């Protein structure tokens, strides 16, 4: 089975992020970001960007994500706060990327919303 390309991966990760409780798409700086209660939990770049990828805030999975091909601490000092930029070219499988999006969501969302993920 072939893996989806970077643009298809981006579309799938973005769709997953938007299914999380009260998540919504915003476009500051001309880029797609996914927010919950005004807080960004996934920077997605632009749909037509040259190198599709995402930046997410991680704690438990940070080192695993940084071991991904091309992954780096996020720019603009966000890396010091746990944000990791992961290109979709050569990225881990979709379920791992979705786990990282969920971890970022849990770190940024109000506790009552994050708890809804555990309720099934």
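Bear in mind that the values in this text are calculations on the coordinates, not laboratory data. Note that the structure is a prediction, hence the values are computed from the model and not measured. Glycine also receives a Cβ, built like all others from the backbone with ideal geometry; neighbour counts cover every protein chain displayed.
A few notes on this one:
- Residue check, residue 110 farther than 16 Å from residue 7 by Cα and either surrounded by 15 or more Cβ atoms within 10 Å (Cβ to Cβ) or in contact with a strand residue (DSSP E or B) (Cβ under 7 Å, 6 or more places away or on another chain) (or both): no
- When segment 37-53 is limited to residues that are surrounded by 12 or more Cβ atoms within 10 Å (Cβ to Cβ) and out of contact with any helix residue (DSSP H, G or I) (no Cβ under 6 Å at 6 or more places or on another chain), the one that is farthest from residue 87 (Cα to Cα) turns out to be 37.
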